Amino acid sequence: MNYKFSIRSLAIIAGVCCFLCLLACGGEGTKEQGGSKTDKRYFRYNQASGISSLDPAFAKDQANIWAVNQLFNGLVQMDDELNILPAIAKSWTINSDGLTYTFVIRDDVHFHDHELFPDGKGTKVTAHDVEYSFKRLVDPLTASSGSWLFNDRIADKDPFVALNDSIFQMKLKEAFRPMLGILSMQYCSIVPERIVKNYGKEFRANPIGTGPFAFKKWDEGKVLVLTKNDNYFEKDAAGQSLPYMDGVSISFMENKRNAFLKFKDGELDMLSGIDASYKDEVLTGEGALHPDLSAAKQLLRSPYMNTEYLGFSMRGNLPKAYQDKRVRQAINHAFDREKMIRYLRNNIGKPAHSGFTPPGFPSFNEQLVPGFKFNLDKAKGLLKEAGYPDGKGLPTLKLETTSSYQDVCTFFQNQLKDIGVPIELEIHPPSFLRNKIAKGESAFFRGSWIGDYPDAETYLTVFYGGNPAPPNYTQFKNKRYDDFYAKALATNKDESRYQLYQEMERTLLAEAPIIPLFYDEVLRFTGKDVEGLGVNAFNLLSLKKVKFK
């Protein structure tokens with residue numbers, strides 16, 4: 001989508017109102033040095049969970065990723081349809097063996113201005129900056145949470161090389177088709193060596209990148225302010241320079257109810273997701289925008305790369321009866337996912353009637369990968385076939401979860417009574433449960449998986465037998481599945497790879513090491529004066545094309 005740039009002068013009274021409104025959110029967008037008022041407009045949103053670092057090497061969660069995405073660029077980027085597009089690299093080639101990637105670097109990308117650069121002006125990005133950034137990411141001294149991206153994938157010798165100022169080359173150990181998607185992650189952002197070495201660990205709070213917005217102020221726990229990068233290299237289809245807005249102001253109210261009230265009153269420009277404290281005030285029971293908000297607000301929604309599921313520990317302490325796949329299949333058929341979505345989630349999300357990979361990926365196909373649908377007769381028949389008619393002889397199965405999902409698990413527990421499967425719930429703190437699952441100490445647990453990059457491999461790797469926990473929390477190991485997985489990674493043709501992914505999904509469903517619950521959705525609520533925000537399956541926030549009416 002393309003928009004023409006337009007900022008209208010505000011009347012004095014409107015300017016004062018805007019000033020007060022931004023100030024209430026902790027924004028700095030209404031002041032220049034010396035305190036004079038301006039008509040600048042900043043995009044305001046709240047980050048309840050806080051931000052731990054603005055260094056892309058530590059872009060480990062949504063809060064960090066959203067901020068980093070405004071400040072930095074990578075070689076490539078992902079659009080809202082999950083296509084991989086050029087960014088700092090204007091083009092690239094991949095050798096026929098899939099081992100060598102060669103990128104041509106744009107000659108008009110500059111780092112943000114900083115006093116450590118000559119004359120205080122941001123230097124031009126070269127292939128040497130890319131080489132430094134990637135080497136830094138995998139350097140154990142950096143201790144980046146994203147170093148795993150290249151684990152066992154890059155060549156042992158000289159995997160990252162700047163051939164000259166314009167050409168960067170990356171070499172892999174084995175072909176890995178999803179690599180371009182990995183390079184679109186914010187971990188792979190390009191950083192300036194001079195600035196990073198000057199600040200050391202404090203680069204986390206002094207970020208200098210190439211992104212559409214530059215760092216201005218971070219009062220941790222209160223407000224983060226970014227300002228428009230007037231030297232940004234990207235333009236819209238009409239040739240207009242991006243970004244359109246003057247800046248971004250991020251507040252850090254922990255109370256989500258308070259943030260909702262600020263949004264409702266127009267003091268925030270976006271609300272992301274829903275919380276129990278205000279769910280029924282923003283959504284109807286059918287999942288539509290509440291009529292009380294529809295005059296001034298709008299709802300953007302998209303499939304979300306998040307699958308919620310229940311998992312069995314296949315090589316752990318799972319009771320013998322549940323080691324029979326017919327029993328696990330029966331449990332899958334006894335659960336009414338549509339009813340759960342309707343009554344517990346206001347129709348937000350999609351019942352998981354296919355495999356583990358959610359909608360949004362090109363390989364997703366419910367017709368070719370038919371999953372489990374609610375069918376009590378089939379469930380009872382499978383139990384009888386396994387030697388447990390009406391559940392007789394089945395020991396109690398303990399389901400471990402957290403308080404956030406207690407309602408879903410209670411619903412599941414009650415439904416399983418209809419086929420005689422006894423379920424007991426055990427509630428744990430999230431960190432305790434994650435640790436227990438990773439050690440294989442939980443026989444039956446609630447889990448979720450959020451994709452990292454735009455290829456279904458990011459989901460299917462969860463069940464590859466060669467992987468430990470994480471990511472293989474179910475400890476699933478199946479030769480047929482593993483053979484398809486290895487073949488898919490070496491397949492360059494997309495359609496052929498998708499067919500292999502679908503074979504893997506069908507194998508997974510047949511063995512039933514999991515009970516897919518639902519595929520989540522991204523929800524964004526904004527004022528009707530916001531244009532160009534967009535929404536995507538990775539819930540990645542991009543503000544460079546946002547403008548106000």
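The values are calculated or read from the model by the stated rules, or taken from the named source; none is laboratory data. Just so you know, these numbers come straight off a predicted model, no measurement behind them. Every residue, glycine as well, gets a Cβ built from its backbone with ideal geometry; the counts of neighbours run over all protein chains shown.
Got a sec? Which of Ala379, Ala456, Ala352 is touching a strand residue (DSSP E or B) at 6+ places or on another chain (Cβ under 6 Å) and among the small types (Gly, Ala, Ser)?
Among Ala379, Ala456, Ala352, only Ala352 is touching a strand residue (DSSP E or B) at 6+ places or on another chain (Cβ under 6 Å) and among the small types (Gly, Ala, Ser).
Six or more apart or on different chains, Cβ under 7 Å: which pairs go from a residue in region 49-78 that's among the acidic types (Asp, Glu) to one that's buried (at least 23 other Cβ atoms within 10 Å of the Cβ)? Could you list them?
Cβ pairs passing all conditions: Asp55/Pro207.
Check whether at least one residue in region 499-506 is surrounded by fewer than 18 Cβ atoms within 10 Å (Cβ to Cβ) and touching an Asp or Glu at 6+ places or on another chain (Cβ under 7 Å), and report yes or no.
No, that holds for no residue.
Return yes or no: is Thr491 at pLDDT below 95 and among the β-branched types (Val, Ile, Thr)?
The answer is yes for Thr491.
Suppose we keep only residues that are modelled with pLDDT of 95 or more and of a type outside the set (Lys, Arg) within region 429-446. Which one would you say is surrounded by the fewest Cβ atoms within 10 Å (Cβ to Cβ)?
In this case the residue turns out to be Ala443.
Do we have Asn347 as touching a helix residue (DSSP H, G or I) at 6+ places or on another chain (Cβ under 7 Å) and under 20 Å from Ser448 (Cα atoms) here?
yes
Residues of region 407-422 being in a helix (DSSP H, G or I) and out of contact with any His (no Cβ under 9 Å at 6 or more places or on another chain), which ones?
Selection gives Asp407, Val408, Cys409, Thr410, Phe411, Phe412, Gln413, Asn414, Gln415, Leu416, Lys417, Asp418.
Is one or more of the residues making up region 311-321 in a helix (DSSP H, G or I) and touching a residue at least 24 places away in the same chain (Cβ under 8 Å)?
Scanning region 311-321, I find at least one residue that is in a helix (DSSP H, G or I) and touching a residue at least 24 places away in the same chain (Cβ under 8 Å), so the answer is yes.
Give region 241-265 a look and list any residue that's in a loop (DSSP other than H, G, I, E, B) and surrounded by 15 or more Cβ atoms within 10 Å (Cβ to Cβ), or say none.
Once the filter is applied, which keeps residues that are in a loop (DSSP other than H, G, I, E, B) and surrounded by 15 or more Cβ atoms within 10 Å (Cβ to Cβ), region 241-265 yields Leu242, Pro243, Tyr244, Met245, Asp246, Phe252, Met253.
Would you check which residues across region 189-216 are in contact with a Phe, Trp or Tyr (Cβ under 8 Å, 6 or more places away or on another chain), within 22 Å of Ala127 (Cα to Cα) and not polar (S, T, N, Q) and list them?
Answer for region 189-216, where residues must be in contact with a Phe, Trp or Tyr (Cβ under 8 Å, 6 or more places away or on another chain), within 22 Å of Ala127 (Cα to Cα) and not polar (S, T, N, Q): Ile190, Val191, Pro192, Glu193, Arg194, Ile195, Val196, Pro207, Ile208, Gly209, Gly211, Pro212.
Can you say whether Val421 is buried (at least 21 other Cβ atoms within 10 Å of the Cβ), under 24 Å from Met340 (Cα atoms), touching a residue at least 12 places away in the same chain (Cβ under 8 Å) and among the aliphatic types (A, V, I, L, M), as far as the supplied structure shows?
When the stated conditions are applied, Val421 passes them.
So Lys171 fits all but one of (1) more than 23 Å from the chain's Cα centre (by Cα); (2) within 20 Å of Ser53 (Cβ to Cβ); what number is the exception?
With respect to (1) more than 23 Å from the chain's Cα centre (by Cα); (2) within 20 Å of Ser53 (Cβ to Cβ), Lys171 is out only on (2).
Do we have Ile195 as of a type in the set (Val, Ile, Thr), farther than 19 Å from Asp107 by Cα and without any contact (Cβ under 8 Å) to a residue 60 or more places away in the chain here?
no
Exactly one of (1) out of contact with any Pro (no Cβ under 6 Å at 6 or more places or on another chain); (2) of a type outside the set (A, V, I, L, M, F, W, C); (3) buried (at least 16 other Cβ atoms within 10 Å of the Cβ); (4) at pLDDT 95 or above is unmet by Thr307. Its number?
(1)
Could you check region 426-441 and list, in sequence order, the residues that are of a type outside the set (Gly, Ala, Ser) and either under 17 Å from Pro471 (Cα atoms) or assigned to a loop (DSSP other than H, G, I, E, B) (or both)?
His428, Pro429, Pro430, Phe432, Leu433, Arg434, Asn435, Lys436, Ile437, Lys439, Glu441
Please go through (1) within 30 Å of Ser294 (Cβ to Cβ); (2) in contact (Cβ under 8 Å) with a residue 60 or more places away in the chain for Ile167 and return the number of the only condition it doesn't satisfy.
So Ile167 meets the others, but not (1).
Please specify each residue of region 89-107 satisfying the condition of being within 18 Å of Lys124 (Cα to Cα), part of a strand (DSSP E or B) and over 27 Å from the mean Cα position of the chain (by Cα).
Selection gives Val104 alone.
Would you be able to tell me the number of residues in region 191-219 that are in a loop (DSSP other than H, G, I, E, B) and farther than 16 Å from Trp66 by Cα?
3
I'd like the residue in region 337-357 that is within 21 Å of Glu286 (Cα to Cα) and part of a loop (DSSP other than H, G, I, E, B) and, out of all such residues, is modelled with the lowest pLDDT.
Asn346
I'd like the residue in region 227-285 that is under 24 Å from Leu344 (Cβ atoms) and of a type in the set (Ser, Thr, Tyr) and, out of all such residues, is farthest from the chain's Cα centre (by Cα).
In this case the residue turns out to be Thr284.
Being assigned by TED's automatic domain parsing to the domain that holds Thr458, within 24 Å of Glu505 (Cβ to Cβ) and charged (D, E, K, R) narrows it down to one residue among Lys378, Lys417; which is it?
Lys378
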